[in-house]
Amino acid sequence: MRVFAIVKRIARQMKRDRRSLALMMIAPLFVLTLIWLVVDGDDYEPKIVYDNLPDPIVESLEEHTGELTTGSEEEAVQLMQDGEYDAYLSIDDQAPHILLEGSEPSINSAVMRAVQDSLKSFDSSSQLNEHVVEYLYGSAELNLFDRIGPVLIGFFVFFFVFILGGISFLRERTHGTLEKLLSTPIRRWELVSGYVLGFGFFTIIQSLFIVTFAIYVLDMYMVGLFWELLLVTILLAMTALSLATLLSTFAKNEFQIMQFIPIVIIPQVFFAGLFNLETLDQWIQVISKFMPLTYGAEALQQMMIRGAHIQDVWFEILVLLCFVFVFFVLNIRVLRGHRTL
């Protein structure tokens with residue numbers, strides 16, 4: 001009977017905690033739906049620029065590619081640098097020349113399949129020499145881990161800063177420290193700034209450890225500058241920290257902080273570049289534009305794989321700064337609910 005009494009007490013407790021009960025039922029369905037959305041896309045059709053190709057090869061390429069246009073190698077390089085096309089194909093002295101954009105292994109494979117199928121359809125009486133493959137970015141050794149590595153760096157920085165920052169700020173509130181500070185002449189913006197900068201010091205150390213370990217221990221592909229990469233990860237960590245302090249005001253305990261993970265963290269993983277979103281519907285791609293990790297991961301990928309610099313990813317950095325500013329302002333407004341200064 002005592003066992004059943006405990007069971008009954010837990011059942012009543014769960015019934016009162018409707019938020020946890022709803023999360024238990026809805027979160028798995030939500031995550032499964034996200035996986036279905038990003039995995040159930042169409043096969044990627046590469047976009048190729050060509051020059052000096054026989055008509056039979058061009059006709060075959062039209063069947064195997066998504067977009068096909070003619071242009072010089074210089075024009076193709078510019079289009080690939082702008083992210084609009086995936087490869088350049090030409091035939092010089094009976095030798096096919098393939099220049100791959102190179103930053104996405106799965107796209108490289110799709111290009112090579114399309115090119116090889118098209119070359120096979122060419123008149124067998126016209127023998128072609130062995131094709132030559134070059135890379136604008138990356139190399140033949142670039143693997144899946146190298147491609148998703150920047151996304152993983154951004155994710156782990158964002159995830160652990162969010163958890164630790166949210167729980168730490170929650171403890172400040174539940175232990176009464178926040179209320180005591182609010183009773184002093186300190187202003188709300190000074191309080192928020194102090195918390196963000198105080199916790200931010202440790203996020204810098206964490207970012208340094210993660211980036212150093214990924215590049216120098218795991219030998220992750222890296223052609224950019226280390227300090228620029230570190231700057232982006234720190235900015236991403238500050239975004240996660242400001243978001244964590246904001247959401248922690250809506251939690252009553254550490255368990256409720258963890259409940260934000262399937263709602264705030266997991267969706268960003270799926271839409272931040274871990275999967276190729278170009279094969280998905282447009283409305284799904286739009287969702288990713290509202291997630292901070294999307295811009296942080298994009299900047300990290302550009303730097304690590306394509307060798308981009310700070311000035312090349314200025315838009316992503318600007319968006320992250322906007323996220324930090326918005327979360328900072330919302331933090332100040334939320335503090336009014338605790339005590340009027």
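The values are calculated or read from the model by the stated rules, or taken from the named source; none is laboratory data. Here the structure is a predicted model, which is why all the values come from computation and not from measurement. Positions of Cβ are generated from backbone atoms using ideal geometry, with glycine treated the same way; all protein chains shown enter the neighbour counts. Heavy atoms of the whole protein, side chains included, go into the accessibility calculation; ligands, DNA and RNA do not. Shrake-Rupley method; radii C 1.70, N 1.55, O 1.52, S 1.80 Å.
List the residues whose amide H sits under 5 Å from the amide H of His97, counting only those 5 or more places along or on another chain, with H placed 1.01 Å from N in the peptide plane.
Long-range HN contacts for His97: Ser90, Ile91, Asp92, Val132.
What Kirkwood hydrodynamic radius do you get for the stretch 112-252 when you take the inverse of the mean 1/r over all pairs of distinct Cα atoms, in Å?
After inverting the mean inverse Cα-Cα distance, the result is 18.8 Å.
By DSSP, what percent of the beta bridges with both residues in the chain are antiparallel, rounded to the nearest 5?
Beta bridges within the chain, antiparallel portion: roughly 35 percent.
Could you check the simple spin-label distance between Asn143 and Ile186, using points 7 Å along Cα→Cβ, in nm with one decimal?
4.9
Under a 1.4 Å probe, what is the accessible area of the chain per residue, stated in Å²?
In whole numbers, the chain has 54 Å² accessible per residue.
Quick one: Debye curve from the alpha-carbon atoms of the stretch 195-272 only, equal weights, vacuum; give me log10 I(q)/I(0) at q = 0.18, 0.25 Å⁻¹ to two decimals.
Listed by q, the Debye log ratios stand at -0.89, -1.18.
Starting at 0 and stepping by 5 Å, how many percent of the alpha carbon pairs of the stretch 46-137 end up in each bin?
Reading upward from the zero bin: 3, 15, 29, 28, 17, 6, 2, 0.
Could you give each residue of the stretch 312-329 its phi-based ³J(HN,Hα) in whole Hz, using Karplus coefficients 6.51, -1.76, 1.60 with θ = phi - 60°, and x for Gly or Pro?
7, 10, 4, 5, 4, 5, 4, 5, 4, 4, 5, 4, 4, 5, 4, 5, 4, 5
Excluding ligands and nucleic acids, what accessible area in Å² is computed for Asp219 using a 1.4 Å probe, to the nearest 10?
Rounded to the nearest 10, the figure is 120 Å².
Around Ser60, what is the net charge, scoring Lys/Arg as +1 and Asp/Glu as -1 over all other residues with Cβ under 11 Å from its Cβ?
With Lys, Arg at +1 and Asp, Glu at -1, the net is -4.
In square nanometres and to one decimal, what's the mean projected area of the convex hull around the Cα atoms of the stretch 181-238? If you can, show how the numbers build up before the last one.
Details: hull surface 17.9 nm².
For the stretch 181-238, averaging the hull's shadow over all directions gives 4.5 nm².
Return the distance in nm (one decimal) between the two label points of a simple spin-label model at Gln81 and Glu134, each offset 7 Å from Cα along Cα→Cβ.
1.4
Quick one: plug the Kirkwood hydrodynamic radius of the stretch 297-338 (C-alpha pairs) into Stokes-Einstein at 25 °C, 0.890 mPa s, and report D in µm²/s.
Reported coefficient: 207 µm²/s.
Please give the helix 226-248 orientation as an angle from the longest Cα principal axis of the chain, in degrees from 0 to 90, rounded to the nearest 10.
Around 40 degrees separate the two axes.
Jot down the radius of gyration and Dmax of the stretch 261-327, Cα atoms only, both in angstrom.
Just the Cα atoms of the stretch 261-327 yield Rg and Dmax of 12.3, 34 Å.
Could you run the Karplus curve 6.51 cos²θ - 1.76 cosθ + 1.60 with θ = phi - 60° over the stretch 207-222 and give me ³J(HN,Hα) per residue in whole Hz, x for Gly and Pro?
Running phi through 6.51 cos²θ - 1.76 cosθ + 1.60 with θ = phi - 60° gives 4, 4, 5, 5, 5, 4, 5, 4, 7, 9, 9, 7, 6, 5, 4, 8 Hz.
Thinking of the stretch 207-325 as a set of Cα atoms, what percent of all their pairs are more than 18 Å apart? List each step's numbers first, then the result.
Working: 4018 of 7021 pairs.
Across the stretch 207-325, Cα pairs with separations above 18 Å total 57 percent.
Please work out, to two decimal places, the log10 of the ratio I(q)/I(0) at q = 0.14, 0.15, 0.27 Å⁻¹ from a Debye calculation in which every Cα of the stretch 130-185 carries one identical scatterer.
Log10 of I(q)/I(0), two decimals: -0.62, -0.66, -1.01.
So what's the back-of-envelope 222 nm ellipticity for the chain, counting only DSSP H runs of four-plus at -39500 (n - 2.57) apiece and dividing by all residues, rounded to 500?
Calculated from helices alone, the mean residue ellipticity at 222 nm is -20500 deg cm²/dmol.
Given the options Val192, Val49, Val132, which has the most mean-square fluctuation in a GNM of the chain, springs set between C-alpha atoms less than 10 angstrom apart?
Residue with maximal mean-square fluctuation among Val192, Val49, Val132: Val132.
With Rg/Rh (Cα atoms, Kirkwood Rh) defined as stated, name the option among [x] 0.95; [y] 1.10; [z] 1.18 computed from the structure displayed.
Correct label is [y].
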